[in-house]
């Protein structure tokens, strides 16, 4: 990851039992979930600078987990999946796709989603009839498991990213074993966000496992900057209630009118002179919106309580131990007693 400048990596077949988060060196942290040290297990590796952006970790099963991050105001959901292999029972395969469906349905439509998964299916080369969810650049022929991938993409309005970029077959094949080579590892994103991905390919020579190769994509999040509301700067006419300000205004206005006692016939010119004098003598407002004055309740005690709850929730999401459970229960009870 460090050499290839990868910030986020979805991993499968971790075979680590438990639901924790561990630093794995070189500035990266692994969030993982597994129930058996001999099979399955999924995880997401984050560059350390993105760890503080994690808002939520969902460990659904030893085949599906997701992380929600907030990056410059953009909500990004990263899902790691590991589909059952071709020889597994149909019931197990359907359970996996049902879990993945549930994760997708729980994510608000306005949030980004990127799925990195070993889906153990061949979507195949070409896209006739499936143009809305995949490109032409798959590998070989589609099988039943590959059709499940395409059906999922259609259900959830997703795009199979690998297939949209024309590469040599060597940079499309994700799995090699003996004389067999095919494509079973995929990156998917919402169709509406496909334009944010500028490249996707298999990195040759960077084997994550003995047979699998790493699939990487370059994604640039489009951040919508909020337009600042322009508020008109207003003259502080209320200062005329003060005698000294009122007298200074009179003197400056006479000077501006050339010492005349009778006002000129051109009212627009006179009005502008009055306004300009008022701005110079009385000053103008900053043009910034006033802070909400109804936040008397947002005191230091409330802020401390909310921060403690956030930290406890974050520790619980990262490491679901009995100790962390007791901590979050204690913090919640204290907050309720204080009415927070």
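The values are calculated or read from the model by the stated rules, or taken from the named source; none is laboratory data. In this text the structure is predicted, and so the values were computed from the model without any measurement. We place every Cβ from the backbone using ideal geometry, glycine too, and count neighbours over all the protein chains shown.
Say whether the condition of being within 20 Å of residue 100 (Cβ to Cβ), modelled with pLDDT of 90 or more and in contact with a helix residue (DSSP H, G or I) (Cβ under 6 Å, 6 or more places away or on another chain) is met by at least one residue in the range 35-50.
no
What are the residues in the range 160-204 that are within 19 Å of residue 142 (Cα to Cα), part of a helix (DSSP H, G or I) and under 24 Å from the mean Cα position of the chain (by Cα), if any?
Listed by number, the residues that qualify are 161, 162, 163, 164.
Out of the residues in the range 51-64 that are in contact (Cβ under 8 Å) with a residue 12 or more places away in the chain and out of contact with any helix residue (DSSP H, G or I) (no Cβ under 6 Å at 6 or more places or on another chain), state the one that is surrounded by the most Cβ atoms within 10 Å (Cβ to Cβ).
Step by step, filter the range 51-64, then rank; the result is 62.
For every residue, the table says whether it meets (1) out of contact with any strand residue (DSSP E or B) (no Cβ under 7 Å at 6 or more places or on another chain); (2) at pLDDT below 95; (3) under 25 Å from residue 22 (Cβ atoms); (4) not in a loop (DSSP other than H, G, I, E, B).
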{"residue": "66", "(1), (2), (3), (4)": "no, no, yes, yes"}
{"residue": "99", "(1), (2), (3), (4)": "no, no, yes, yes"}
{"residue": "102", "(1), (2), (3), (4)": "yes, no, no, yes"}
{"residue": "109", "(1), (2), (3), (4)": "yes, yes, no, no"}
{"residue": "117", "(1), (2), (3), (4)": "no, no, yes, yes"}
{"residue": "137", "(1), (2), (3), (4)": "yes, no, no, no"}
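Can you tell me which residue among 67, 119, 100 is surrounded by 22 or more Cβ atoms within 10 Å (Cβ to Cβ), assigned by TED's automatic domain parsing to the domain that holds residue 15, in contact (Cβ under 8 Å) with a residue 24 or more places away in the chain and more than 23 Å from residue 202 (Cβ to Cβ)?
67
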